[in-house]
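Student: Can you read through this structure? Questions will come right after.
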Amino acid sequence: MKYLFILPLLAFSAVLAQAQTFPENAAEMKASGLVRYSDFGAKGDGKKDDMEAITAAHAFANEHGLKVKADPARNYYIGGKERTAIIQTDTDFGTACFTIDDTDVENRNAPVFLVKSNQEPHKLEGITSLKRNQKKVDIKLPQPALITVTNSSVKHYIRFGPNQNSGAAQTDIFLVDKDGNVDANAPIIWDFDQITDARALPIDEKTLTITGGVFTTIANREDSKYNYYQRNLSIQRSNVVLDGLEHRITGEGDHGAPYSGFVNISNCTDVLVKNTILTGHKTYRTIGSAGDPVSMGTYDLLVNRALNVSFINCSQTNDIDDPTYWGIMGSNYSKNLLFDSCTFSRFDAHMGVANATIRNSTLGHMGINAIGSGTFTVENSEIRGRSIVNLRSDYGSTWEGKLIIRDCTFVPSGGKPVSAALINGYNSGQHDFGYACYMPEKITIENLRIDDSNHPADYQGPAIFGNFNSENLSGSYQEQFPYLKTKQVTLKNVTTSSGKELRMSDNEFMFRKVRVEKF
């Protein structure tokens with residue numbers, strides 16, 4: 001996977017300069033409190049490009065504080081012209097269909113819909129440093145806000161492997177009230193010796209709701225390179241509910257550029273996505289930064305620099321165990337992510353998540369991939385990946401905190417004959433990731449059923465840990481950048497279909513000091 005392209009906040013000045021249209025029935029719309037796309041000339045016949053009308057309808061609704069409703073059972077064709085419809089009022093896409101044609105696009109970085117606050121972010125002065133878990137920042141604001149801070153002189157997430165890179169500037173995002181008190185549920189996670197940029201993103205108190213809609217993307221036909229497409233629904237406003245949307249994909253051939261999420265959530269807090277159906281993208285290969293062939297990460301769901309984002313009762317159209325489709329979800333720099341009652345091919349946190357929960361869900365062939373801090377909880381779920389949790393090796397396989405696995409079923413590799421490990425990763429101790437790397441300090445596994453009935457002939461039984469470093473086999477091995485190991489594993493009621501006992505690891509030396517308690 002390539003370093004995910006992170007869309008700059010509100011970087012659409014050319015797109016947002018929309019021409020205002022004043023329809024003849026303006027007074028009627030104001031009186032009803034409702035705008036329809038047909039009021040602005042949209043045909044909805046699946047042939048005529050309706051994007052100008054859609055854009056104008058939302059612009060009028062935003063100006064007058066009116067709701068927007070798509071005309072029922074219409075099919076709105078959206079061509080490749082650079083236009084973005086700004087959503088700032090409640091919108092009901094209803095039973096309407098939207099065909100987004102990406103075969104000839106003027107600007108692949110321009111979203112189709114942008115859910116945007118009518119309050120502008122502003123630069124903060126006077127914040128010169130921060131400490132991890134600092135409870136208060138010396139600022140006064142007119143209202144609660146998200147604070148984003150950067151120290152460009154420090155590099156984190158210095159990536160290892162075929163998509164290696166030189167890292168990203170130290171970054172954090174946290175929530176404060178108007179007096180600067182930091183929300184303890186999403187704490188500051190880094191020490192900042194200096195701040196080179198700090199910005200406040202005002203939080204809208206009123207919830208904005210978007211419902212319905214069936215969207216179909218006709219996939220791009222570009223060369224298979226890291227030219228991410230962002231022809232999507234981009235949510236860059238806090239307090240948003242997205243309910244009942246469906247996204248499908250057609251026209252994928254033997255090559256194409258990747259996508260950075262049809263639902264793309266960034267620079268905001270408190271977003272709920274529910275009852276939504278998405279689609280995994282076909283996996284294409286290219287040459288990575290190390291000069292070797294790699295599979296390109298391509299997403300239908302992406303979360304960047306966002307707090308308190310929940311996905312409830314969501315699923316995907318394609319088989320979650322089909323490896324020809326890339327894992328549907330990716331995230332960076334986020335806190336408090338939740339999957340509840342979801343059926344997806346993957347949960348993923350690239351450049352760190354602070355606190356995550358997966359419950360009542362089923363995850364497919366790419367399973368759970370994460371690095372970060374805080375508490376990661378997996379409960380009442382079925383995991384069908386190669387491990388229950390894969391700590392991403394390209395970012396140091398680090399989780400500074402606790403891992404809780406409770407009331408779950410683990411089907412290794414979806415039932416293929418493999419030697420199972422519950423926790424997997426890799427860290428040689430020889431690469432500088434820009435931060436100290438940790439395994440979860442405490443792992444609690446309770447009421448876990450391991451369906452390993454289909455296993456290889458030489459199967460020794462499932463392991464708690466994979467072989468995190470096959471060279472670290474004796475005291476003579478020296479880690480230049482020490483990898484801090486797990487201190488304690490607590491096991492209660494762990495059963496296997498094979499009847500074989502749960503063991504520590506193929507690499508017993510590396511985990512020799514881990515204390516295991518069984519109940």
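The values are calculated or read from the model by the stated rules, or taken from the named source; none is laboratory data. Source: prediction; values computed, not measured. Here the Cβ positions follow ideal geometry from the backbone for every residue, glycine too, while neighbour counts run over all protein chains shown. SASA here: full protein model, heavy atoms, side chains in, ligands and nucleic acids out. Shrake-Rupley method; radii C 1.70, N 1.55, O 1.52, S 1.80 Å.
Student: Filter the stretch 425-449 down to residues that are open to solvent by 30 Å² or more (accessible area, probe 1.4 Å) and assigned to a loop (DSSP other than H, G, I, E, B) and give me whichever is nearest to N507 (Cα to Cα).
Tutor: Looking at residues that are open to solvent by 30 Å² or more (accessible area, probe 1.4 Å) and assigned to a loop (DSSP other than H, G, I, E, B), I get Y426.
Student: In the stretch 326-343, which residues are closer than 27 Å to G161 by Cβ and in contact with a strand residue (DSSP E or B) (Cβ under 6 Å, 6 or more places away or on another chain)?
Tutor: Once the filter is applied, which keeps residues that are closer than 27 Å to G161 by Cβ and in contact with a strand residue (DSSP E or B) (Cβ under 6 Å, 6 or more places away or on another chain), the stretch 326-343 yields G327, I328, M329, G330, S331, N332, Y333, S334, K335, L337, F339.
Student: Select from the stretch 271-309 the residues that are open to solvent by 30 Å² or more (accessible area, probe 1.4 Å) and within 14 Å of the chain's Cα centre (by Cα) and list them in ascending order.
Tutor: L272, R305, N308
Student: From the list G167, G180, which one is without any contact (Cβ under 8 Å) to a residue 60 or more places away in the chain and among the small types (G, A, S)?
Tutor: Only one candidate passes the filter, namely G180.
Student: Which one of K116, K81 is in contact with a helix residue (DSSP H, G or I) (Cβ under 9 Å, 6 or more places away or on another chain) and under 19 Å from S266 (Cα atoms)?
Tutor: Among K116, K81, only K116 is in contact with a helix residue (DSSP H, G or I) (Cβ under 9 Å, 6 or more places away or on another chain) and under 19 Å from S266 (Cα atoms).
Student: Can I ask one more? Look through the stretch 87-115, keep the residues that are aliphatic (A, V, I, L, M) and part of a loop (DSSP other than H, G, I, E, B), and return whichever of them is surrounded by the fewest Cβ atoms within 10 Å (Cβ to Cβ).
Tutor: Only one residue fits best here, namely V105.
Every residue, every condition in (1) open to solvent by 20 Å² or more (accessible area, probe 1.4 Å); (2) part of a strand (DSSP E or B), yes or no:
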{"residue": "V353", "(1), (2)": "no, yes"}
{"residue": "T375", "(1), (2)": "yes, yes"}
{"residue": "S387", "(1), (2)": "no, no"}
{"residue": "N390", "(1), (2)": "yes, yes"}
{"residue": "D407", "(1), (2)": "yes, yes"}
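Student: Any idea which of (1) open to solvent by 20 Å² or more (accessible area, probe 1.4 Å); (2) at pLDDT below 95 is the one Q480 doesn't satisfy?
Tutor: Single failed check for Q480: (2).
Student: Within the stretch 492-501, does at least one residue satisfy the condition of being of a type in the set (A, V, I, L, M) and in a loop (DSSP other than H, G, I, E, B)?
Tutor: No.
Student: From C437, C408, which residue is in contact with a strand residue (DSSP E or B) (Cβ under 7 Å, 6 or more places away or on another chain) and under 19 Å from Q480 (Cβ atoms)?
Tutor: Step by step, each of C437, C408 is checked, and only C437 is in contact with a strand residue (DSSP E or B) (Cβ under 7 Å, 6 or more places away or on another chain) and under 19 Å from Q480 (Cβ atoms).
Student: Since N118 meets every condition but one in (1) open to solvent by 20 Å² or more (accessible area, probe 1.4 Å); (2) modelled with pLDDT of 95 or more; (3) outside any strand (DSSP E or B), which condition does it not meet?
Tutor: (2)
Student: Do we find that K155 is part of a loop (DSSP other than H, G, I, E, B) and open to solvent by 20 Å² or more (accessible area, probe 1.4 Å) in this structure?
Tutor: Considered against the rule, which asks whether it is part of a loop (DSSP other than H, G, I, E, B) and open to solvent by 20 Å² or more (accessible area, probe 1.4 Å), K155 comes out as no.
Student: Just for the stretch 409-424: of the residues that are over 25 Å from S341 (Cβ atoms) and touching a Gly at 6+ places or on another chain (Cβ under 8 Å), which one is most open to solvent (accessible area, probe 1.4 Å)?
Tutor: If we take residues in the stretch 409-424 being over 25 Å from S341 (Cβ atoms) and touching a Gly at 6+ places or on another chain (Cβ under 8 Å), then N424 is most open to solvent (accessible area, probe 1.4 Å).
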